Amino acid sequence: MTLLLEHVTKRFGDFTAVDDLSLSVAEGMMHGFLGANGAGKTTTFRMVLGLLNANEGQITWNGKTISYETSPQIGYLPEERGLYPKMKVGDQLLFLGELRGMKKADAKKAMAHWLDRFEVPQYEHKKVEELSKGNQQKIQVIAALMHDPKLLILDEPFSGLDPVNVEMLKSAILDFRKNGATIVFSSHRMDHVEELCEQLSIVHKGKQIVNGNLKDVKRSFGRQN
Ligand code: ATP
C-alpha cells in the first residue's frame, strides 16, 4: 500500500506550481510535507486525492489512482475548512461519516470516541458556528479520521491552534496511527515534523529540495539530535 508520486508536475497557465515532484510513502509511515506559503503543498495534496489533474507524472496508491470522492479508505483535512456553520457538530459528523460509507451506529460510536479523545464531547449538540476556530478545526480533523481511513492526508492540521491544542492533536494523531494508517501532513514547522514523522520532504516554489528519511536528512544537515 505504498503512496507513490512519480515526476509530478502541475501548471496553472504558464506558472508551474509543482515541478517534477517524486516521493514514496510506505504503508504505516508518517510523512511530513514542509514548505513555505505557496510552495505547492495543497496543490500536491489535491492531485494525490484526484481532485486536480497533474499535467505530467503519475500518482498511485497500492498501484492504483486515488479518488477521494469515491474511496472510503481515504481521509482528508482540507486547508480550507468546510463545516456547515449552522449545523450541530454531532449531526455534521454523523452526516460526514455516513458520506464516507459508515453505518450510522458505527459513526455514532466513532464520533463519541473521538469527541472524547479531543476533549470536546460537550460540543456535540452545539452549532459549529458557536465553537472557536480551534475547536472547529478539531471537529474537522475528527471528520477526516472517524471512518478509520487507511490513508490520511492532513493539510496544515496544526495551523491556528494554540500550543495546548497542538499537543492534543499530535497525541490524537499518534493514537490514530496505531491502526496502521499511512499519514501525510503538511506544515510550515520542522519541529512538528521531527516529532511525528519518520520521513519528510521539503518543497520550495514547487521544487522538491529535500526528500528522505528524517534521520538521514538531519545527518545531511549536520544535526544528530
Ligand atoms: P500555503 O502554505 O500558503 O497553503 P501551499 O504550499 O499549499 O501554500 P499551494 O496552495 O499549493 O501552496 O499553491 C502553490 C502555488 O500555486 C501558489 O503560488 C498559488 O498561488 C498557485 N495556485 C494554486 N492554485 C491555483 C489555481 N487554481 N490557479 C492559479 N494558481 C494557483
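The values are calculated or read from the model by the stated rules, or taken from the named source; none is laboratory data. Every value quoted in this text rests on a predicted model; they were computed, and no experiment measured them. Counting neighbours? That spans all protein chains shown, and the Cβs are built from the backbone with ideal geometry, glycine included. We work out accessible area using only protein heavy atoms, side chains counted, and drop any ligands, DNA or RNA first. Shrake-Rupley method; radii C 1.70, N 1.55, O 1.52, S 1.80 Å.
Laid out as a table, the results:
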{"item": "Failed item, numbered, when residue 64 is tested on (1) within 16 Å of the ligand (Cβ to nearest atom); (2) farther than 30 Å from residue 136 by Cβ", "result": "(1)"}
{"item": "Leading residue by the ranking (farthest from residue 145 (Cα to Cα)) among those in the stretch 197-213 that are crowded, with 19+ Cβ neighbours inside 10 Å and away from the ligand (no atom under 16 Å from the Cβ)", "result": "199"}
{"item": "Selection from the stretch 1-10 of residues that are farther than 19 Å from residue 30 by Cα and more than 9 Å from the ligand (Cβ to nearest atom)", "result": "7, 8, 9"}
{"item": "Identity of the residue in the stretch 130-160, touching an Asp or Glu at 6+ places or on another chain (Cβ under 9 Å) and over 18 Å from residue 183 (Cα atoms), that ends up most open to solvent (accessible area, probe 1.4 Å)", "result": "136"}
{"item": "Selection within the stretch 5-26 - surrounded by fewer than 16 Cβ atoms within 10 Å (Cβ to Cβ) and in a strand (DSSP E or B)", "result": "6, 7, 11, 12, 15, 20, 22, 24"}
{"item": "Residues located in the stretch 51-89, provided they are touching a helix residue (DSSP H, G or I) at 6+ places or on another chain (Cβ under 8 Å), open to solvent by 90 Å² or more (accessible area, probe 1.4 Å) and of a type in the set (Ser, Thr, Tyr)", "result": "84"}
{"item": "Residue count, the stretch 99-120 (criterion: open to solvent by less than 90 Å² (accessible area, probe 1.4 Å) and modelled with pLDDT of 95 or more)", "result": "9"}
{"item": "Any hit, the stretch 27-43, residues being open to solvent by 50 Å² or more (accessible area, probe 1.4 Å), touching a strand residue (DSSP E or B) at 6+ places or on another chain (Cβ under 8 Å) and either under 20 Å from residue 179 (Cβ atoms) or away from the ligand (no atom under 15 Å from the Cβ) (or both)", "result": "yes"}
{"item": "Per-region count, the stretch 150-195, residues within 13 Å of residue 76 (Cα to Cα), within 16 Å of the ligand (Cβ to nearest atom) and assigned to a loop (DSSP other than H, G, I, E, B)", "result": "3"}
{"item": "Segments classed as helices (runs of 4 or more DSSP H), wholly inside the stretch 38-126, with at least 1 members that are of a type in the set (Lys, Arg)", "result": "41-48, 104-117"}
